[in-house]
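Please read the structure below before turning to the comments.
The values are calculated or read from the model by the stated rules, or taken from the named source; none is laboratory data. No experiment lies behind these values; they were computed from the predicted model shown. Ideal geometry is used to build each Cβ from the backbone, glycine not excepted, and the neighbour counts take in all protein chains shown. Ligands, DNA and RNA are excluded from the accessible area calculation, which covers all protein heavy atoms including side chains. Shrake-Rupley method; radii C 1.70, N 1.55, O 1.52, S 1.80 Å.
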Amino acid sequence: MADKSILELMKELLAECSDAVYQSINVYGHACMLIYMPSIVDTLSLQEFVSTPLKSEANSEPDWPGFLERLDHGSAFAVPYIKAYQADRAVELVVSGNAVLSVDGLPYVYYFEITHYQKRTVSESQNELVVIGPQEAFIEDVQTNLSLLRHKIKHADLKTKHFSIGKYTKTDVYLVYIEGLCKPEILTEFTEKLENITIDGVLGISIIAEQIKKGQYSPFPIFQYTERPDSVAASLMEGRVGVLQDGTPSALLTPVTFFSLLQSSEDYYQSFYAGSWIRLVRFFFSVVSMLLPSLYVAITTFHSQIIPSDLLLTIAAARENIPFSALMEALIMELTFEALREAGTRIPKPVGQTVSIIGGIVIGQAAVQAGIVSAPMVIVVSITGIASYIIPHLELGLTFRLLRFVLLVFGGTMGLLGVFVAAFVIYAHLANLKSFGTPYLQPVAPLVFQDWKDTILRVPSSFMTKRSTSFTNSKNEKRQKQK
């Protein structure tokens, strides 16, 4: 094994790879071998900058020592190339989209970074739509995503750290941050966690988030997912760090707070009056989406005396022939709504939204007419479902949907006391939760009045002259201003 050349070892490792190409070119009587996979290599560049120069050498005056010298000095080809000394490393480069050149008699190979993967063009965001503001979104190619980010932040302090994660996938992952703005302890901790990930493969950025989150079992997200380059750029300028992964059209941002997850990029593209009003509406209906069903069930079951008489008579008349308790009625409707929501997501887009809307109307009307559920319950569940769509970030929305059932059970079995106890436990959990050292409820708990200018309301940008202390600190900001 030790007597075998690096080319022979590479051929053994690539023995069952039928798509690997071995192109032999004779230069001054010495065999040179190009090894590549045409499906992931830019064959035009390979032909123009590598194959053609090699063939030109073969047709010129014999000068083998001079050719080897030009190879070592990096002047033999018009494209840059690097040496690789191990066969397994050379094979890894081939299957990653590089072309490898083996030269007769040399114990190493040269490789050319001329990768060409199939990728879609940059399109508008599908999940984070805005009326005003940039429409472009990330795609699955990480280099394109980095270029979109560099286009937003044209500064040398925008730094990137590269990681290759996954035993088999060797996925390219980039940690991005602005030097001097992010907290060094966050950067150090995040870097260590990325370096310590040991996994067979990474096919989605959520897998990285799950690996980093090991040991934390909170239902609330400590990361923010976004497919918008402008959102990532704005977050980096706040002092946060981001993760871009090859093969995923989304970025990962951290640290986050509860209030940052309820903000949308469009808040900043509109006037502060409109942005503040929309944000207030969003906060209100976010609470409604989690509490309304449990409050309705608790009040109608245990505390009907606090309902106005006319409304109570209307609800009682609607529930007169319903065979289920208010709790079972709510659970049936909520589960049905969740099924319709999931079905609308899985059905092809042209008919998915239509099916989910019409299905909800038809099933709700039929259920009321059949006496299975009451009309007020259909209204409550419908308002709750609509309110849940107002939450701009999917992970937080899923958490609210999950906790809605927990609160519903407490409200249906213990009344308002159960709802208040469950809500207090959730609040206590949020008050103790941290996202990479940042309190989840900052600037409310702990109180930081300076950051209230961009929490529930959005004041004019002329008043927001200091960065939020949730993600950066005064020392970092001062250092950045001095630069």
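Computed values, structure above
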{"item": "Looking only at region 135-146, and only at residues there that are touching an Asp or Glu at 6+ places or on another chain (Cβ under 9 Å) and open to solvent by 20 Å² or more (accessible area, probe 1.4 Å), the one that is nearest to THR188 (Cα to Cα)", "result": "GLN143"}
{"item": "Single unsatisfied condition, ASP451 versus (1) at pLDDT below 85; (2) surrounded by fewer than 17 Cβ atoms within 10 Å (Cβ to Cβ)", "result": "(2)"}
{"item": "Yes/no for PRO62 being more than 30 Å from ILE178 (Cα to Cα), open to solvent by 70 Å² or more (accessible area, probe 1.4 Å) and without any contact (Cβ under 8 Å) to a residue 40 or more places away in the chain", "result": "yes"}
{"item": "GLU266 being closer than 30 Å to LEU175 by Cα, of a type outside the set (A, V, I, L, M) and part of a helix (DSSP H, G or I)", "result": "yes"}
{"item": "Subset of region 170-193 [free of Cβ contacts under 8 Å to residues at least 24 places away in the same chain and within 19 Å of the chain's Cα centre (by Cα)]", "result": "LYS193"}
{"item": "Some residue of region 257-271 being within 30 Å of LYS167 (Cα to Cα) and open to solvent by less than 30 Å² (accessible area, probe 1.4 Å)", "result": "no"}
{"item": "Qualifying positions in region 13-37 - modelled with pLDDT of 90 or more, more than 22 Å from ASN59 (Cβ to Cβ) and not aliphatic (A, V, I, L, M)", "result": "TYR36"}
{"item": "Single condition LEU327 does not satisfy, out of (1) closer than 26 Å to GLN263 by Cβ; (2) modelled with pLDDT of 90 or more", "result": "(1)"}
{"item": "Selection status of GLY247, touching a helix residue (DSSP H, G or I) at 6+ places or on another chain (Cβ under 8 Å), closer than 22 Å to LEU441 by Cβ and either assigned to a loop (DSSP other than H, G, I, E, B) or free of Cβ contacts under 8 Å to residues at least 40 places away in the same chain (or both)", "result": "no"}
{"item": "Residue match in region 127-134 (condition: open to solvent by 70 Å² or more (accessible area, probe 1.4 Å), polar (S, T, N, Q), at negative phi and touching a residue at least 24 places away in the same chain (Cβ under 8 Å))", "result": "yes"}
{"item": "Condition broken by LEU68, with the remaining ones in (1) under 45 Å from the mean Cα position of the chain (by Cα); (2) surrounded by 13 or more Cβ atoms within 10 Å (Cβ to Cβ) satisfied", "result": "(1)"}
{"item": "Tally, over region 427-448, of residues that are open to solvent by 30 Å² or more (accessible area, probe 1.4 Å) and part of a helix (DSSP H, G or I)", "result": "5"}
{"item": "Every residue from region 173-193 that is farther than 14 Å from VAL232 by Cβ and open to solvent by less than 20 Å² (accessible area, probe 1.4 Å)", "result": "VAL173, GLY180, ILE186, PHE190, THR191"}
